[in-house]
Structures are given as C-alpha cells and as structure tokens.
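Written out below as structure tokens is the structure these notes cover.
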Amino acid sequence: MKTHVGFCDGRTRRDFLRVGALGFFGLSLDQLLRVRAASAADGLYGAPERLPERARSCILIWLAGGPSHIDLFDLKPDAPQEIRGQFQPASTAVPGVQICEHLPKTAGMLDRVALVRSVTGPEGEHDRASQHMLTGHRPMPATAFPSYGSAVNQERGLGTWLPNYIVIPNADRAMGSGYLSRAYDPFSVGGDPASPTFQVRDLYASGLVLDRIRHRRALVEQLDEMARHVARSDATAARDSFYTQAYDLITSHQARDAFDLAKEEPALRERYGMTTLGQGCLLAR
C-alpha cells in the first residue's frame, strides 16, 4: 500500500522541486500562480487534498533599516563575544526560544509569531537588498522586476472601490510594477497618518461636486476613444485603469470611511501609538 507523505503545511517534496525550478525555467510569480491554479484544476498538483486558502488580505510591515537581528531575535548567546549581540536573551511564550530582553511584550506573544532565523541574501547594500526581498529577484541593470504586491494585483485584478495593493504612506521603487503595466503600481496614501489633518492624497475632490466629476470623466473617455483609433499602447491601457480606479475612489463613501482614522476610538488609536508607524498599522488593518 502506498501512502502519501507530505510536510506539516500540506506541501510535498514535488512542490518544493517545482518551486526550486522557478529560477531555472525563468518563471515569474504570476506564472507560478497560474501553473498552480491549472494544476489544482487538473488534479495534478501532487497532494490529494489542498488546504483551504483562507487569507484574503496581507499586511506587510516593511522596516527599512533598524537594529540588527543579533540585537533583536537572534542574539546568538553561545557565539564568541565579537559575534553575539550585546543584550541578554529572555525567555518567551515558546519554550526554548529566546529573544532580546528589551522586547518583553513580543516575548509574551511569540507563540503567535512565525520566527524565521535562516533568511540570508547575497546583497550587501540596503537598496539592492530591498529590491531582492520585495521582488524575489536580484537587481539587474536592464530589467525592472515587479514587486510581489504588483504581481498579486495583476492576478487578483485592480479591485473596485478599494485598490488591491496599497502602500502607507509612500512606496519606494522596489514596490512598483516593474515590467508589468503601471496599472499595477501600488496606491500610495501619502501624508502622515499620525497628523491631525491627515487625508489620503487625491482622495477628496476639493471644490468639485459629483456631477462635475462625472462630466469630466465622460470627457476623458471620449478623448481616449478618439485616441484608440490612432494608437493603442500599454501606456493608454494603464491610463484607463488609473482613471477607473481614481473615479471609484473619489466617488465611493466606502473608500473614504476605510481611510478615515477619525472614526476609530481614541483609546484604540492610543494603543497603536500616535506615531507614523503606529497609525499606519492601524490604517492598514
């Protein structure tokens, strides 16, 4: 009798071989997602049962720079003095796992954290390393690779009243759409969420009533329709997507409510911290 042997997350060795072959065959993330979907539909993905894909959203807290891993989560207390961090290790909610003594609240909830201590990379410069981490590709002079957010945005579609890929407050170049259409660039909210006067950039049509916005959109559509008879390019297609998203955002009360931090309870805002990072995390949630 032959039994199926898989890993704890439901994946098989065959899955990892397929993922490992991505670089060799030149598959991008969007192509991988298509292959997985097609394989699942044909019953060829390897595992007899697929785990339910429950996650609908993902919040990535991207901390550019900051303390070293040996000062936070990987103190290496048994390493020589010139290698290990200067702080003392402290016990956590996970038996046998220790982190920095200055992170007591994080230590108390580490049983809800997936702590990965094996990530490394070949890049020795922050900007290049950021591009590598956010796109899955080492930077190349002739190719701009899309970020994971842009690739997922392409697969899921651009969204309706709320974009599928949002950056708080501003995106750097590693978070862009790369060689994909600019329609899959992130929507940057701009500004400081901790500011009392914070408003999402370009979300509020200052001084314009809804009828004027509709008339302007109709005029733009007419001009674009004329332009299509002359030439059609990725740039015009991206512009169409931008206009559609912009119109949906400006005219949607749901979008305004989603970005309105003033609707949150003051006590909750204080718990997150009245800082750009704290209020940015609350806005993302």
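Every number in this text was worked out from the coordinates using simple rules, so none of it is lab data. Please read all numbers here as calculations on a predicted model, not as lab measurements. Every residue, glycine among them, receives a Cβ derived from its backbone with ideal geometry; neighbour counts consider all protein chains shown.
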Label-point separation in nm, residue 63 to residue 199, each point 7 Å along Cα→Cβ: 3.4 nm
Pull up all non-local amide H partners of residue 178: gap of 5 or more, or a different chain, and H-to-H distance under 5 Å with H placed in the peptide plane. 147
How much length is gained if the chain between residue 257 and residue 86 is pulled fully straight, taking 0.36 nm per residue apart and subtracting their Cα-Cα distance, in nm to one decimal? 57.0 nm
Which value, in nm² and rounded to one decimal, describes the direction-averaged projected area of the C-alpha convex hull of the stretch 80-160? 9.2 nm²
Between residue 97 and residue 143, how high is the FRET efficiency from 1/(1 + (r/R0)^6) when r is the Cβ-Cβ distance and R₀ = 41 Å? Nearest 0.05. 0.55
For the pair residue 71 and residue 162, what calculated FRET efficiency results from E = 1/(1 + (r/R0)^6), where r is the Cβ-Cβ distance and R0 = 35 Å, to the nearest 0.05? 0.40
Fully extended, how many nm does the chain gain between residue 275 and residue 78 (0.36 nm per residue separation, minus their Cα-Cα distance)? 67.3 nm
